[in-house]
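> Got a structure for you, written out below as structure tokens; questions coming shortly.
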Amino acid sequence: GCKDYGPGLLKNDPYLSPHTELSPLNPPSLANRANHAIKMFENMDLFDAVSDYAEAYVALCQAKRKAVAGHSYNISTSSFETIGAILRAWVNEYCVEQGMKFAKMEGRMGPRAVLMGFSQWVGSGKVRRDTG
């Protein structure tokens, strides 16, 4: 999954670039899961692996098997999204009347801050290219 690459850079960093299928695995605390998940490709006679999003599943299922069999794919958006953009979309989608506001964090980071504080851009160009 995306978290297997570890945290990425932030929006204004000049070196910001997406993680790709060739990026090294650098999971924060999921090392066993990340390092063993790749071993599933040692058993290609048992199954093909795909990711979580329905449109990608359909595109991969409709693609020529020769083009996609045995490959791993990142399934993600086509551009870097900030937490602000994601939350604005959420506010609009669910008609949150008070909108949102960012507050200064004080004290220890809680679970929500850890979840939302994991900056990452995962490129999905390979799946888009291979499935047309």
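Every number here is computed from the coordinates shown, using simple stated rules; none is lab data. Source: prediction; values computed, not measured. Neighbour counts are summed over all protein chains in view; Cβ atoms, including those assigned to glycine, are modelled from backbone coordinates with ideal geometry.
> Working out 0.36 nm times the residue gap between residue 64 and residue 82, then minus their Cα-Cα distance, what length gain in nm do you get to one decimal?
Here the answer is 3.0 nm.
> Taking amide H positions as placed in the peptide plane 1.01 Å from N, state which residues far from residue 19 in sequence (5 or more) or on other chains have amide H under 5 Å from it.
121, 122, 123
> Check each of the trypsin sites (Lys or Arg not before Pro) in region 51-87 and keep only those in coil by DSSP with at most 11 other C-beta atoms within 10 angstrom; list them in order.
For trypsin sites (Lys or Arg not before Pro) across region 51-87 that sit outside H, G, I, E and B with at most 11 neighbouring Cβ atoms in 10 Å, the list reads 64.
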